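The values are calculated or read from the model by the stated rules, or taken from the named source; none is laboratory data. All of these numbers come straight from a predicted model, not from anything done at the bench. Note: ideal-geometry Cβ built from the backbone for every residue, glycine included; neighbour counts use all protein chains shown. Heads up: the accessible areas ignore ligands, DNA and RNA and are worked out on the full protein's heavy atoms, side chains in. Shrake-Rupley method; radii C 1.70, N 1.55, O 1.52, S 1.80 Å.
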Amino acid sequence: MASATKEALKFPAPAPTGRVIFTEGGKGGLGKSTFMAGLIEWYQVQGAPYALLDMDTENKARGSISHFFPKARKVNMHTSEGLDSFVDALDEGAPLVVADMGAGAGAVAHRWFDAMYTSVKESGVVFTAIGLITPDPASVESVLSWGAALQDRVQYLVVKNSITDPADFSYWEQSTPAREFRRLLNPQEITMEYRLPKVEHPAREHGATLNQIADRSTVVADLNQSTVVMRAQAYRRNLFAELDRVKDLLLL
Amino acid sequence: MQMDEELDEIHEAVYKSVPDDPPTRQSKLEPHRVLILKWKRDGRSLRRIQILLAEKFDLKVAYSTLQTFVQSRSKPTKPEPELIESEPVATVAAMDPPKQKRSAEEKAANIKLARYDRSPASEPPATPEERFKFSPERDRLKRTKD
C-alpha cells in the first residue's frame, strides 16, 4: 500500500485542550470588570472549572475584577513573561482561563501573541477576545485596533454595553471599518442592558455581584431593597441568556 | 433527442397518469430574502445576519441553512459562458445528409444545448487571504455627535 504523505492526508482540527478568555484592555470605563463579574457567575452556574486572572494591576481602586472576586490571581502583565500566566494556569489544570486585562494592555498583549501564539496553538489552546463597546466611538476604535493586531488568531465576542438608556451603537453598526471587521473576523455579539444607578453604583462600590444582590446575600442595605433585588435578578437572567447564545466561544 | 420531442402513446399515457408533485415547501427565509441579500451586500457576516434574524423576527435558523440560502439566491458573479457552437447533435433535422452550412435552426439548437449542457461550475479562484486593517490614527471614526 502506498504510503500517504502528510500533504495528502487531511485531518480535522483536534478538539481544543484549553481556552483563554480575555477582555481586550484599552479604553477605560467601558464596563469590562462589570461584565467579567457576570461572566464568572455564569461559569459558576454552568459548573465550568476556570482560573481567574486579574491583570488590571494599575486599577487599584474599585474597578478591577479582584474587587468582586478577591481570590482572583493578580498578574503583572507588564513584565516580559506576564502573559505566560495564561499557559501556567492551563498547566495547573484549569481548562478555562479567564483574564481581565487592564486599560493599557494592548501593546503588551499584541507582542505576546506575536511571540507565543504559534507554540501555544500547537498545544491545543484557543483564545476568545472580549471587546466591550459603548456609544463612544473610541470604544469601537479600541476593538478594531485589537482586531487589526490579532486578526484570526482569536475568536471575537463583542459586548454592546448599554451604559446609557437608550444606547446608540451606530458607530459599531454603521461605520465602514466596523463592517469590515465583522466581514473578515466574524465576531459574535451580545448586549448588556442598561443598569439603573441604584443597582450599579452600590454594586461597584461594595464589589457585589449580581448573584449576591439577586440572592440577598450582601450586607449592604441599599442592595437589599426589593426593587434592587428584582432588578438584579432580571439583569442576571438577561445576561445569562445572552451568554448562553455564545457559549461556543466561552466553553471548550 | 430533441428537448421537446413528442411522446409516443405509451409514454404519453404514463405522463398523464402521474399527478403533479406536491409544491415544495418554501424556505422560511424566503420572505426575508431581499433583506438578507441586502445585508450580505452591505458586508454583514452570515453569523451576524443569523443573529439579526433571531433578534428582529424571532427566526432561528442554522448557520449552514442560511449559508446555503444565500449562496443559492445570490446573483452569479462569474460571467455567462461564451456561446459554444458544438458539433451538431442527433436531431431530426440532422438525420438529413450533413450540409456544409448549418441552418439557423441548427445553430440555435446547438447554442441552446450548449447552454443546457454546461460543464460543472468551477470553483471561483481563491482570493488571497484578506487581513483586517485598522489604525486608530489613520482610520479614526468620523465623529457625528458632540
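The residue pairs whose first member lies in segment A:237-252 and is more than 16 Å from A:Val20 (Cβ to Cβ), whose second member is part of a loop (DSSP other than H, G, I, E, B), and whose beta carbons are closer than 8 Å, counting only pairs six or more residues apart or on different chains, are A:Asn238/A:Glu193; A:Leu239/A:Glu193. Within segment A:61-84, is there a residue that is in contact with a Pro (Cβ under 7 Å, 6 or more places away or on another chain) and surrounded by fewer than 19 Cβ atoms within 10 Å (Cβ to Cβ)? No, segment A:61-84 contains no residue that is in contact with a Pro (Cβ under 7 Å, 6 or more places away or on another chain) and surrounded by fewer than 19 Cβ atoms within 10 Å (Cβ to Cβ).
For (1) under 30 Å from A:Gly18 (Cβ atoms); (2) touching a Ser or Thr at 6+ places or on another chain (Cβ under 9 Å), each residue gets a yes or a no:
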| site | (1), (2) |
| --- | --- |
| A:Ile133 | yes, yes |
| A:Trp146 | yes, no |
| A:Leu157 | yes, yes |
| A:Pro197 | no, no |
| A:His201 | no, no |
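Of the residues that sit in segment A:209-220 and are part of a loop (DSSP other than H, G, I, E, B) and β-branched (Val, Ile, Thr), which one is surrounded by the fewest Cβ atoms within 10 Å (Cβ to Cβ)? Among those that are part of a loop (DSSP other than H, G, I, E, B) and β-branched (Val, Ile, Thr), it is A:Val219. Within segment A:156-198, the only residue that satisfies the criterion of being open to solvent by less than 10 Å² (accessible area, probe 1.4 Å), facing chain B (nearest Cβ under 8 Å) and in a strand (DSSP E or B) is A:Glu189.
For segment A:83-120, how many residues meet the condition of being outside any helix (DSSP H, G or I) and either touching a Cys at 6+ places or on another chain (Cβ under 9 Å) or modelled with pLDDT of 85 or more (or both)?
Of the residues in segment A:83-120, the ones outside any helix (DSSP H, G or I) are A:92-105.
Checking which are either touching a Cys at 6+ places or on another chain (Cβ under 9 Å) or modelled with pLDDT of 85 or more (or both) leaves us with A:92-101.
Number satisfying all stated conditions: 10.
Looking across segment A:117-155, just one residue is more than 14 Å from every other protein chain (Cβ to nearest Cβ), polar (S, T, N, Q) and either buried (at least 24 other Cβ atoms within 10 Å of the Cβ) or within 13 Å of the chain's Cα centre (by Cα) (or both), and that is A:Thr128. The single residue among A:His201, A:His206 that is surrounded by fewer than 17 Cβ atoms within 10 Å (Cβ to Cβ) and more than 14 Å from every other protein chain (Cβ to nearest Cβ) turns out to be A:His201. The residue of segment B:11-70 that is surrounded by the fewest Cβ atoms within 10 Å (Cβ to Cβ), among those that are in a loop (DSSP other than H, G, I, E, B) and of a type in the set (Ser, Thr, Tyr), is B:Thr24. Exactly one residue out of A:Leu239, A:Leu223, A:Leu243 is farther than 20 Å from A:Leu96 by Cβ and surrounded by 19 or more Cβ atoms within 10 Å (Cβ to Cβ): that is A:Leu223. Scanning segment A:179-192 for residues that are in contact with a strand residue (DSSP E or B) (Cβ under 9 Å, 6 or more places away or on another chain) and not aromatic (Phe, Trp, Tyr) yields A:Arg182, A:Leu185, A:Asn186, A:Pro187, A:Gln188, A:Glu189, A:Ile190, A:Thr191, A:Met192.
Screening A:Phe22 on (1) of a type outside the set (Asp, Glu); (2) outside any strand (DSSP E or B); (3) open to solvent by less than 70 Å² (accessible area, probe 1.4 Å) shows it passes everything except condition (2).
For segment A:204-236, taking the residues that are in contact (Cβ under 8 Å) with a residue 60 or more places away in the chain and of a type in the set (A, V, I, L, M), the one that is farthest from A:Val154 (Cα to Cα) is identified as A:Ala208.
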